[in-house]
2 protein chains.
Amino acid sequence: MILVVCLNPALDVTHDVAAVDWAGVNRAHTVHTRPGGKGVNVARTLRAIGADALVLGLAGGLTGTAVEAALGRLGLPAELTRIEGETRRTFTVVDGQRGTSALFNEPGPDVGGGEFGAFRARYEAALPRAAAVVLSGSLPPGLPAGAYATLAGLATAAGVPVVLDTSGEPLRLGAAAGPAIVKPNLAELEALAGRPLCAARAGGLAEVAAADGPDPVTAAAGDLVAAGAEAVVVSLGPGGLRAVTAGGVWQAVPPAVVPGNPTGAGDAVVAALTFGLVSGQPWEERLRHAVALGAATAAAPVAGEFRQADYARVLTGVTVSRKEAA
Amino acid sequence: MILVVCLNPALDVTHDVAAVDWAGVNRAHTVHTRPGGKGVNVARTLRAIGADALVLGLAGGLTGTAVEAALGRLGLPAELTRIEGETRRTFTVVDGQRGTSALFNEPGPDVGGGEFGAFRARYEAALPRAAAVVLSGSLPPGLPAGAYATLAGLATAAGVPVVLDTSGEPLRLGAAAGPAIVKPNLAELEALAGRPLCAARAGGLAEVAAADGPDPVTAAAGDLVAAGAEAVVVSLGPGGLRAVTAGGVWQAVPPAVVPGNPTGAGDAVVAALTFGLVSGQPWEERLRHAVALGAATAAAPVAGEFRQADYARVLTGVTVSRKEAA
């Protein structure tokens, strides 16, 4: 079983509107409500590729109850620790005429130390059954920036490998706790490094090369390896994935720019990397599947979902090359 | 006690955003959640002006439970009949930079005949305690257009006067069931009449005059009186209120254009008219209070709320004139 931690889940509400009046009254032609948050997306993808996932998270108020009920309707096993505050909603408006989406995020509930303690007890109780732990998404207000580092430390001490996908201080602190994989995207890695790593991000990897030594992306990822992570996989959007490990550096590139919505693609990458980790795939295979699953998810309208045909089609076209030893 | 029927209540969620990116990700600086729907606004206003109101409505799913809990937090007495479908949400985005609001409405749950029957039983049980009944807002999907006519007929048969605020076929059918007051706005009256009644709506009442006979607004309101309503009060936005009854026609005009958000102003007018009805105020007084309460509510940021100082200030400046016998 793969334990997927989701400390800040959400009730995702999506309104599909034919042509939005941004200064007036709108009636959606379709309203969808789904359980959301990055961890939930990871768990949905894990289940879709045949892995056994358990969502461990926090839930509060009636919105928390709605998230729990929605997870149940999807058949996703979840253990949610009840908290005092109200679980957040996200609200997405899809403008059919303009082809744009506007996303409105609530910050999430203020989580108390006692509540995190209760969660931690259930997490420790579940660890012996876990083949891996995924720590994914932002931390809700009130939790210390080291919350993921604490959870990662408990897992590695129990011999359970950790995949960490977050940003900022929780990423910096978490990487030092010895996770098997951390997965920043380019913007998150740049924010951590405190410098731009790519001249023209949309142009892909050709822009990343540096004059001498490792290119800036590999160098910044290497800093996270030096800090304690066993491997760093940087998602580069259309440029694919860069894996930096003590054993080598790999680059995986999709066959062509796959159009679609990048929301949720990173979560699919995390799911594939975790599945590859627990099933002992070599890095080439992990990255091939991760790129294909990310691209197939980007092409699907809903985060956490993809079409098997897209996955299979992209998979055959992914190019993986070994760059160098790190 | 005034019985306020709210068959399609809502959970109103409002996001205040500094400057909205309509094609990107937004984080609200404030999120408000309130019970909504026109009937709820009417009940809140009634309570604020000292009347005893009971909300009678339908609620389903966790959103229905959230509405019920939110009514409880406001201290508004409510009896909500549980239904199978999920109560609707409304979502409002207030753009601080542009000063605009976008409203996203969900249609509401599909209400079955058996569910309306259960509601009707509780309505009939409450009628003997009621000094008046307010029927307000749209009907949820699944209910026949004559649902308000049925409820109005039961009330009038029990000697309880009815105030009806709805539109379209439910308004046409409801007016024939003998309500004491129906309150369309100009657009609703025009839709019912099937013709424009005002050349330049924003220009106010000067535009409404016709060559001979009653002006078009009075004539169209008179048709609803002929159909069965005892009185028709047409809300004309900045033009004030026109009351058309068998005993005469009155026009009430606010002292000046009061700036603000018209959402909820109509509900405040309904509350004032109902309070005036049960307390035996003459039409001049009812209209004076209704105009002032509507204007004070328009000036407040939240539907169902107003500042007493605004109410008192506008009240002294309202002009009421008797136009003619109908």
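The values are calculated or read from the model by the stated rules, or taken from the named source; none is laboratory data. It should be emphasised that the depicted structure is a prediction, and the values quoted were computed from it without experimental measurement. Cβ placement follows ideal geometry from the backbone for every residue including glycine, while neighbour counts extend to all protein chains displayed. Only protein heavy atoms, including side chains, enter the accessible area calculation; ligands, DNA and RNA are left aside. Shrake-Rupley method; radii C 1.70, N 1.55, O 1.52, S 1.80 Å.
Computed from backbone phi with θ = phi - 60° and the Karplus coefficients 6.51, -1.76 and 1.60, the 3J(HN,Hα) list for the stretch B:81-90 is 7, 6, 10, 5, x, 9, 4, 7, 10, 10 Hz; x is used for glycine and proline. Candidates B:Val133, B:Gly24, B:Ala300 compared by Cα position along the dipole of chain B: farthest toward the positive end lies B:Ala300, with charges placed on Cβ.
Take the alpha carbon atoms of the stretch A:114-158, find their radius of gyration, then divide it by 2.2 N^0.38 Å using N residues; give the quotient.
Working: Rg = 10.6 Å, N = 45, 2.2 N^0.38 = 9.3 Å.
Ratio of Cα Rg to 2.2 N^0.38 Å: 1.13.
Counting Cα-Cα pairs of the protein assembly as shown in 20 Å increments starting at 0 gives whole-percent bin shares of 18, 41, 25, 15, 1.
Charge dipole (Cα centre; +1 on Lys/Arg Cβ, -1 on Asp/Glu Cβ; no other charges) of the stretch A:108-251 amounts to roughly 280 debye. Phi angles of the stretch A:15-27 translate, via the Karplus equation with coefficients 6.51, -1.76, 1.60 and θ = phi - 60°, into HN-Hα couplings of 10, 8, 10, 4, 8, 6, 9, 6, 10, x, 9, 10, 10 Hz per residue; Gly and Pro are given as x.
Projected onto their three principal axes, the Cα atoms of the stretch A:1-118 cover extents of 45, 35, 19 Å, largest first. The mean count of C-beta atoms from other chains within 10 Å of the C-beta of residues in A:55-68, rounded to a whole number, is 2. Approximating the spin labels as points 7 Å out from Cα along Cα→Cβ, the A:Thr316-to-A:Ala131 distance works out to 2.8 nm. Annotation: lysines with alpha-carbon distance below 20 angstrom to A:Lys183 (same-chain offsets under eight excluded): A:Lys38, A:Lys323. Estimated from helical segments only, the mean residue ellipticity of the protein assembly as shown at 222 nm is -11000 deg cm²/dmol, where each DSSP H run of four or more residues counts as -39500 (n - 2.57).
Label separation (B:Ala121 vs A:Asp110): 4.5 nm, computed from points 7 Å beyond Cα along the C-beta direction.
Looking at the stretch B:1-98, the GluC sites (Glu not before Pro) that sit in a DSSP loop and have at most 16 other Cβ atoms within 10 Å of their own Cβ are B:Glu84. What the Cβ-Cβ distance of A:Met1 and B:Arg82 gives, at R0 = 41 Å and to the nearest 0.05, is a FRET efficiency of 0.65.
Among the trypsin sites (Lys or Arg not before Pro) in the stretch A:225-320, those located in a DSSP loop and surrounded by at most 15 other Cβ atoms within 10 Å of their own Cβ are A:Arg307. Taking every DSSP bridge with both residues inside the protein assembly as shown, close to 45 percent are antiparallel.
What do you reckon, how do B:Arg172, A:Arg73 stack up by accessible area (1.4 Å probe), largest on top?
Result of the area sort, largest leading: A:Arg73, B:Arg172.
Taking each pair of distinct Cα atoms in chain A once, what is the resulting Kirkwood hydrodynamic radius in Å? Kirkwood radius, chain A: 20.0 Å. In this assembly, the A-B interface accounts for approximately 2300 Å² of buried accessible surface in total, computed with a 1.4 Å probe and without ligands, DNA or RNA. DSSP beta bridges confined to chain A are antiparallel in about 45 percent of cases.
Across the stretch B:8-70, Cα pairs under 8 Å and at least six residues apart give a relative contact order of 39 percent. Each Lys and Arg Cβ is given +1 and each Asp and Glu Cβ -1; about its Cα centre, chain B then shows a dipole of about 520 debye. Overall dimensions of the stretch A:81-141, expressed as equivalent-ellipsoid semi-axes from the Cα gyration tensor (√(5λ), whole Å, largest first), are 32, 17, 8. Could you state the number of Å between the C-alpha centres of the stretch A:215-285 and the stretch B:100-162? Cα centroid to Cα centroid, the span is 58 Å. Both radii come from the Cα set of the stretch A:103-253: Rg as radius of gyration, Rh as Kirkwood radius; their ratio Rg/Rh reads 1.01. Here's the picture: a label point sits 7 Å out from the Cα of B:Asp21 along the beta-carbon direction, and within the stretch A:137-155 the residues with their amide nitrogen under 18 Å of it are A:138. Going from the chain on its own to the full set of protein chains, the stretch B:76-106 has these residues losing 40 Å² or more of accessible surface (heavy atoms, 1.4 Å probe, no ligands, DNA or RNA): B:Arg89, B:Phe91, B:Leu103, B:Phe104, B:Asn105, B:Glu106. Pick out which of A:Gly60, A:Gly114, A:Gly240 has the largest mean-square fluctuation in a Gaussian network model of chain A, springs linking Cα atoms closer than 10 Å. Highest fluctuation of the listed residues: A:Gly114.
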